[in-house]
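Only one structure is covered here, and it is reproduced in the block below.
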Amino acid sequence: MVRAASYLGSLALLASSALAKEVAVNEAVAAELYDSGLVHKAVMDRKMNFWKTARESGVFKSEQYPELNATKCVNGWAEAIVGDRHNTFRCNNVDLVHFLPHIALGSPGAQGSSSWGWTSDDDREFVAVGQYDGTAFIEIGKDGRMTYLGRLPQVTTPSEWREIRSYKHYMIIGSEAPGHGVQIFDMHKLLTVDPANPVVFHPRNDLAAWTNALMPRGNQHNIVVNEELNYFAAVGSQPRTDPNCRSGLNFFDLTDPTNPKSLGCAAGDGYVHDAQCMANVTNIISRISYEGAAYTHQGWVLDPKNQEYLVMDDELDELRARGPAADGFPVTYIWDIRDLEKPKQTGLYKSKTKAIDHNQYVIDGLNYQSNYGAGLRVFDVSSIPRDPTGASVCEVAWFDLYPEDDDLPGGSDVEFLGTWSSYAYFKSGYVFINSIERGAWTVKLTGTDCPRAPVCNADNCLRSFRATSVPGRLAESREFCDDFLSRPVRDVAALPSHAVKNCAGDAGADPIPPVVDAAGAFYRVTVIKDKRDVQFLVNDLPLFSFRDDKSTGPVVRDGRIGFRQMSPLVARYRNLQVWKL
């Protein structure tokens, strides 16, 4: 599938010592470990055993988790219940809006998995919530609070895996449960439900359609939808030895969602775990691996209309300490897919909290990534087209909804617990999160600015490291800061390492106010040694983006707006602003 970027377990190979490089597929290793299903089975078994132990220990007793109301993130913590450490959550730029446990969503099985949202024509927002024993339906109100409307039970047996995607006003629901098939549910049924009387729908009779065509065991791992081309694909069906489709992509025409028609399958690469479908082509153009690979899991293009870069996660590299994930901090791999015959891994970026990275979706330059025990993590990935190494990516927001592991080294457990999925496409700005143990969450971002680079300010900076200064350091730093602050243009990269460390936070705050009155025509800015694009802001509104690889150079107006500024200006790195001196 061209630009379908199918995230295949068979791509993952043994790691070598170098990092951030694509490597050729070792077909022998791929056949033995991945195409055979050996690694996939090991992952599934580990999850099942881990969750079985957790269930026996009482973690899934949903009644122990109370409903939680709106709580602001203050100084890195959202204290939903004052004094209760188990209901206090680490956060940054994310407020808790509402929480409901799985039992409040009609699930005695009380274990969550995937989720997906839908917005009606009159802007009402709904979520289909995957659970162990079916799918719950909720509505998110204008205030972000959730209302339970009913549920759709499983077709056959319960399953820890329930994956959901939308097609227009239909939800397409798959499961690893044998015989489950694919449920297609019309979300219009929810528009007239009285919340005082939630509806338990029939798992077959209340569906718009049901199918298990070309699924020998009636199960699948995931659902992939291409709404533009009116089809969906069920992926990862079993068994892998099926002579027709193996565990590849099983396509269905959705021109009439009440009568999905099988279009056949693409079995060429054996097992497909997840995919993003963007073109109706089934031939394999290239097959590549990467250093540090353990179990290729899922990814997303930065811009579906400009399909040049892909971000991707590996679900086992942290757990097996492979390559750049050897330290247990989640790694997101960056791929240049402009040449589909020769995709290149250009770089990577890492989260600041240990965990296993899971599902991720890029919306308007922000990557909303579920990191199991570390919760929802939001990265600004808008810099990747101009800096595909990932060095300019920054983590702008997070909400860690699994406090039980906060005290572990690295801030979280590298295990399959906590957050499974999130949905951030609602126009209201509310983000829905489905967690494995607890239940359903709505949160809202309060900021998406990348952290400002530390800036040397004489008084605050010098005070900040006086207590830990080594002999001669204070005088050295004073001399440096005096010279640094006297320059009309400051090179933040010139800060010595000890100054960068100790000038962070409030100690590095620059007391100089930003430009406020910016009426006028042209301007000129000087930037020293800046290897990244610079954005010029006035009152937080972007006016220009420019790049200056040399010591000085003019900035060309974009034709819409400009301003006159007689004094020298300073452009800061990351979340840049222009300041008067």
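The values are calculated or read from the model by the stated rules, or taken from the named source; none is laboratory data. As the structure is a computational prediction, the values presented were derived from the model and not from experiment. Positions of Cβ are generated from backbone atoms using ideal geometry, with glycine treated the same way; all protein chains shown enter the neighbour counts.
General observations
- With respect to (1) over 22 Å from S382 (Cα atoms); (2) under 12 Å from the mean Cα position of the chain (by Cα); (3) not polar (S, T, N, Q), the lone exception for E318 is condition (2).
- Scan region 239-259 for residues that are touching a residue at least 60 places away in the same chain (Cβ under 8 Å), part of a loop (DSSP other than H, G, I, E, B) and under 25 Å from L33 (Cβ atoms) and the total you get is 1.
- Checking each residue in region 89-118 for being surrounded by fewer than 24 Cβ atoms within 10 Å (Cβ to Cβ), assigned to a strand (DSSP E or B) and among the small types (G, A, S) picks out S113, G117.
- Hits in region 262-294 - residues which are assigned to a loop (DSSP other than H, G, I, E, B), in contact with a helix residue (DSSP H, G or I) (Cβ under 6 Å, 6 or more places away or on another chain) and crowded, with 22+ Cβ neighbours inside 10 Å: H273, G292
- Scope region 337-385; condition polar (S, T, N, Q) and part of a loop (DSSP other than H, G, I, E, B); matching residues: S351, T353, N359, N371, S382, S383
- Residue within region 424-447 that is surrounded by 21 or more Cβ atoms within 10 Å (Cβ to Cβ), of a type in the set (S, T, N, Q) and over 18 Å from A128 (Cβ atoms) present: no
- Considering region 33-70, the residues that are acidic (D, E) and either surrounded by 14 or more Cβ atoms within 10 Å (Cβ to Cβ) or out of contact with any helix residue (DSSP H, G or I) (no Cβ under 7 Å at 6 or more places or on another chain) (or both) include one that is farthest from G292 (Cα to Cα), namely E56.
- Unmet requirement for F252, which otherwise passes all of (1) at pLDDT below 95; (2) over 25 Å from S107 (Cα atoms): (1)
- Residue in region 304-324 that is in a helix (DSSP H, G or I) and either more than 21 Å from V182 (Cβ to Cβ) or modelled with pLDDT under 90 (or both) present: yes
- One residue stands out among those in region 358-394 that are without any contact (Cβ under 8 Å) to a residue 60 or more places away in the chain and among the charged types (D, E, K, R): the one that is nearest to R90 (Cα to Cα), which is R377.
- Within region 318-327, the set of residues being touching a residue at least 60 places away in the same chain (Cβ under 8 Å) and buried (at least 20 other Cβ atoms within 10 Å of the Cβ) comprises E318, R322, G323, P324.
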